[in-house]
Amino acid sequence: NNEQSVPQLLIRDLKFEKKSLAKLMFSPDQENHPSKAPVKYGELIVLGYNGSLPNGDRGRRKSRFALFKRPKANGVKPSTVHIACTPQAAKAISNKDQHSISYTLSRAQTVVVEYTHDSNTDMFQIGRSTESPIDFVVTDTVPGSQSNSDTQSVQSTISRFACRIICERNPPYTARIYAAGFDSSKNIFLGEKAAKWKTSDGQMDGLTTNGVLVMHPRNGFTEDSKPGVWREISVCGNVFSLRETRSAQQRGKMVENETNQLQDGSLIDLCGATLLWRTAEGLSRTPTVKHLEALRQEINAARPQCPVGFNTLAFPSMKRKDVVDEKQPWVYLNCGHVHGYHNWGNKEERDGKDRECPMCRSVGPYVPLWLGCEAGFYVDAGPPTHAFSPCGHVCSEKTTAYWSQIPLPHGTHTFHAACPFCAHQLAGEQGYIRLIFQGPLD
């Protein structure tokens, strides 16, 4: 067995410089004087992007969006309810300065709920539309797509005005999510086909066509996190069990003891893209890009080698995260042995996809390894010892273990675990593998 004679190391055996890394652990927010910095409520990070959109972040279209306290409150809260086609109802709809939600019950009857200014909250809107009321423009995520041109041919299932998040302007800065956003005329229209109903206290509520789903993890977003249960959020922020399919007419059961309050690690699914909510406090405990860069340099400094070519391997810099480098580490996904790229062991009869590992003869996919650069997806600051399968994105063990358990909505009624860095559906028994590096022979 040629494995015994070769020195092997797992990354966790490297002696990480604890002190130097501890300095890098804290996010830049904490280094600033809190009095000067604007209050940050949290950040939304789109799953499937490793730090930025394929063609770069531009304006309101980017892979992550920070929600800051606004100079002036722009929140709204429900006030007057108008029933039927009265002049006030028509006026409320046409009044460009008044927010309102219209529930069309039939051709003869519409209920209009007027919303009034709320000086205690800030409102942020998310959707596919590029109109000015949308703060964060989100387009459909295509797994592993390298450029936006890959995504344009897909008919979008994300609503133009998908949802809104309302944040309290005073501590503890509670953030709540609601389905649907107000359009340029400050209206939300729920047409005849949308699921809607009268609540027990005489108010109206409803669901959007493809729905806004939310999952709050158990034990927060930490190394002890466990997946929660997916729920649907209504236009008024009530919580329901899922419909049979995304756009079914029949709503789920109301879940009385749960709320629409977001917590660190909550996932928001807009049917075409999934967003991770991180609170400002949660982000302050998360590794920074500097910390991940230090971990990358630590691995490279240990000079891992290819057991076949004996050449030194190195993870490319974070900026070169899409181009395969000649020193790039590759891994056999069935066993975890890390090599440099080589043509040895191709199995012709297996369409050239599967390869035989020279170390242990196990046969399986052979892929390049990429560092996970989006720090917001990490549940801890551990070293990058594991890789997702089949994409080869590398991060800490606890992070791979967490995401491999999360069933992410896919299409209109299925769920599957996916890599947070590229949105590829996970494969294999666990969905990830421990990496086995070989140390230098000297």
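The values are calculated or read from the model by the stated rules, or taken from the named source; none is laboratory data. Just so you know, these numbers come straight off a predicted model, no measurement behind them. Using ideal geometry, Cβ is built from the backbone for each residue, glycine included, and neighbour counts are taken over all protein chains shown. When the accessible area is computed, the model is the full protein with side chains, heavy atoms only, and any ligands, DNA or RNA have been set aside. Shrake-Rupley method; radii C 1.70, N 1.55, O 1.52, S 1.80 Å.
Answer yes if at least one residue in segment 300-308 is more than 18 Å from Ile436 (Cβ to Cβ), modelled with pLDDT of 90 or more and among the charged types (D, E, K, R), and no otherwise. No, the conditions are met nowhere in segment 300-308. The residue list Pro420, Pro409, Pro383 contains one member that is over 23 Å from Arg64 (Cα atoms), assigned by the TED database to the domain that holds Gln305 and either within 25 Å of the chain's Cα centre (by Cα) or not in a helix (DSSP H, G or I) (or both), which is Pro383. So in segment 246-266, with the set limited to residues that are at pLDDT 95 or above and among the hydroxyl-bearing types (Ser, Thr, Tyr), which one is most open to solvent (accessible area, probe 1.4 Å)? Across segment 246-266, the extreme among qualifying residues is Thr259. Just so you know, in segment 63-84 the residues that are among the basic types (Lys, Arg) and part of a loop (DSSP other than H, G, I, E, B) include one that is nearest to the chain's Cα centre (by Cα), and it is Lys69.
Gly364 fulfils the conditions (1) outside any loop (DSSP other than H, G, I, E, B); (2) under 24 Å from Val289 (Cα atoms); (3) open to solvent by less than 10 Å² (accessible area, probe 1.4 Å) except for a single criterion, (2). Scanning segment 216-242 for residues that are open to solvent by 40 Å² or more (accessible area, probe 1.4 Å) and in a loop (DSSP other than H, G, I, E, B) turns up His216, Asn219, Thr222, Glu223, Asp224, Val229, Cys236, Asn238, Leu242. In segment 187-210, what residues are of a type outside the set (Val, Ile, Thr) and either modelled with pLDDT of 95 or more or part of a strand (DSSP E or B) (or both)? Correct list: Asn187, Phe189, Leu190, Lys196, Trp197, Lys198, Met204, Asp205, Gly206, Leu207. For segment 426-442, filtered to residues that are part of a strand (DSSP E or B) and in contact with a Gly (Cβ under 9 Å, 6 or more places away or on another chain), the residue that is surrounded by the fewest Cβ atoms within 10 Å (Cβ to Cβ) is Arg434.
Just one of (1) hydrophobic (A, V, I, L, M, F, W, C); (2) in a loop (DSSP other than H, G, I, E, B); (3) closer than 22 Å to Glu256 by Cα fails for Leu213. It is (2). Taken together, the criteria exclude Ala273 from residues that are of a type in the set (Gly, Ala, Ser) and open to solvent by 10 Å² or more (accessible area, probe 1.4 Å).
Could you list all residues from segment 392-405 that are touching a residue at least 24 places away in the same chain (Cβ under 8 Å) and buried (at least 23 other Cβ atoms within 10 Å of the Cβ)?
Of everything in segment 392-405, those that are touching a residue at least 24 places away in the same chain (Cβ under 8 Å) and buried (at least 23 other Cβ atoms within 10 Å of the Cβ) turn out to be Gly392, His393, Val394, Cys395, Thr399, Thr400, Tyr402, Trp403.
Restricted to segment 276-303, and to residues there that are among the basic types (Lys, Arg) and part of a loop (DSSP other than H, G, I, E, B), the residue that is least open to solvent (accessible area, probe 1.4 Å) is Arg303.
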